[in-house]
1. Of the peptides 340-347, 491-498, how do they stack up when ordered by the mean number of other Cβ atoms within 10 Å, highest first?
2. Relative to the present Cα-Cα distance, how much length would full extension add between Lys196 and Ser350 at 0.36 nm per residue of separation?
3. Where in segment 206-299 are there GluC sites (Glu not before Pro) that are in a DSSP coil and have at most 14 other Cβ atoms within 10 angstrom of their Cβ?
4. Could you work out how far apart the two model spin labels at Leu139 and Gln532 are, taking each label as a point 7 Å from the Cα in the direction of the beta carbon, and quote it in nm?
5. Which of the pairs Lys303/Lys495; Lys287/Lys335; Lys170/Lys196; Lys82/Lys220 have their Cα atoms more than 21 Å apart in this structure?
6. Round to a whole angstrom and tell me the spacing of the C-alpha centers of segment 253-310 and segment 427-453.
7. Between Thr461 and Gln127, how high is the FRET efficiency from 1/(1 + (r/R0)^6) when r is the Cβ-Cβ distance and R₀ = 30 Å? Nearest 0.05.
8. May I ask you to evaluate 6.51 cos²θ - 1.76 cosθ + 1.60, the Karplus curve with θ = phi - 60°, for each residue of segment 294-304 and list the ³J(HN,Hα) values in order in whole Hz, giving x for glycine and proline?
Amino acid sequence: MGLFRSLFCTFFMLKIISAQPATDPNEVVAVNKIIGHWNLQTKLNMSSIDPCTKNATWAPDTANPRIACDCSATVCHIAHLKIYALDISGELPQELFMLKELTDLNLGQNVLSGSIPAEIGQLSKMQYLSLGINNFTGLVPPELGNLTQLQSLSFSSNSFDGPLPRELGKLTSLAQLYIDSSGVSGPIPQELSNLKSLQTWWASDNRFTGKLPEFLGDLKALTVLRLEGTSLEGPIPNSFGGLTKLDDLRISDLSNEDSSLNFLENLTSASILSLRNCRITGQLPEKLSTFANLKILDLSFNKLTGQIPNSFQNFAALNYLYLGSNNLSGELPPKLISSELLALDVSFNSISGSLPQNALGISMNVVGTSINDNASRDRKTSAKLNCLQGNTKCTDIISSTSFSINCGGTEIVSTAGIKFDNDSETLGAASLYTSPNTQWALSSSGIFISNPNGPKYIAQTDSQIRGTLDSELYKTARISASSLRYYGLGLKNGKYNVELHFAEIQIEDSQSWKALGRRLFDVYLQGEKVLQDYNIQNEAGGSKRAVVKTFQANVTNTVMDIHFYWAGRGTCCIPFQSTYGPLVSAIHVTQASDSVSSSKSDKKSVGKIVGIAVGSAAGLLIICSVFYLLWTKKAPARTRVDTDSPGKG
């Protein structure tokens, strides 16, 4: 009886299988060669099985690798192929282009290399194509323009070269275009004005040149536009005022011409407006406070003037407000602190008045010290920074010719006998902290927009750091989403040696896609840029390797300003969301006459001499202000979290 049931079940299954059309034999051969090419036999062993077998384990949406078919005709065709984040390497095999019925191809987050062949244009039924986070090189193939049914295209985070092909303008069904950190350069083609269906466009961290295109304002369906860290020139076109569906607008570091905020008038749907360092002039628009969905507003590092409008006390949903490094003046609106804000930065302006005691207390709770002690220290720090306005002399008691900081870590004594101070306080999205000995202070400003509950502004690793005798010094680091400043306070005037210690401890050194990230940031010393697009990993020769950059700087007004700034460049999401921005492991500053090197083994690089007079009108007048204000509250669980996927980055 048991044998009979077994035979019956076998017969029944064969009937089900035989009822399904057979798969195109050319596609069967092709897919098996693809599997062999990428050594996936252990994950997809189908050498004697039809790849379109009904209910196959590799067919569900959640399967990875995934092969799914369209069997609606007399022959089955492979329609979906996903090999995602499995570290497959090598070039694209020619057999891939034999799967001409593909509608969905996802090869994201691997280590594929070489160029993308022109044959990609043969896959004309493609609707979803993801090649992001790989190591493709060469030109972006113009044949992608043949894929006119595409709804989503991603080739982010690769190493392409040359211009963006104008043939992409043929993709009129495209709703999503992810090309950030892809390596493309040159002007943004006018032909992209045809992409009237485009809703999401990530294009940051590319070497685009020329003016920010006027025609982008005609893409009325856009809800997300990211153009941070390019080489584009301003101004922001007034045509952007027509993008009334925008929810998320991020532009940074425009050059040449000034911009205004007039275009914002009708962008009332926005929840994120980040326009850092765009040479924006004029006054803050009163109408911004009526934007009911606005949660993040970043207008820092611009040329805004006038007062902060009293209407800014009336934002309905605003959580993060960054207005630092402008030319704002007047009084801080009295009820702004008591609003829904979780972080506020109006530093490096000429705002008068003082931060209310309750807000300062909240800020100091976040940095983890006693309210009264640190409030007192921060008032002293504000006074010290205040003296940098114009040519006013600092009147503090000069007490030091050096300071050393273990950024993000606890106190440690190096093998050279130098004590690096504890800097392990937990900071928030806008914080000012003064060391207990008042020899130094730090300010941190910026939020990891796509992951506000993720990185906590300190990076750490348990791995040993190579290239140094002081591995523990590099196992922690301060990180920032925008701007990180360290200040030496009460220093004797004179020439100083400045050692900046780095080790990349977040991006991996491996054969995995997790090693494809690129961290780039700028460093300013006494207001002078001394490092641009600095890449720790490249400079050190790998991840988790120590490197020291050494500079000289003049102190003429008892304060030293070391500024680490993210200019929108580098990858955003490798190996995890919000892996970007400045990172520093330690700082060691000594007067040149009695300088002691902090390490004999770390790889060093000597930078140019900087002779900026801190108090001069041409120096830190631009950088420091008459009043310094940075504070943050702890974000409650309701804080909005963006759902960006690393696969799109």
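Values in this text are rule-based calculations from the coordinates and carry no lab data. Just so it is clear, the model here is predicted, and its values are computed rather than measured. So basically every Cβ, Gly included, is an ideal-geometry build from the backbone, and we count neighbours across all protein chains shown.
1. 340-347, 491-498
2. Between Lys196 and Ser350, full extension yields 51.1 nm more.
3. Glu257
4. Label at Leu139, label at Gln532, 2.8 nm between them.
5. Beyond 21 Å between Cα atoms: Lys303/Lys495; Lys82/Lys220.
6. 23 Å
7. 0.15
8. So the Karplus estimates, Gly and Pro as x, are 5, 10, 10, 10, 10, 10, 6, 6, 10, 10, 5 Hz.
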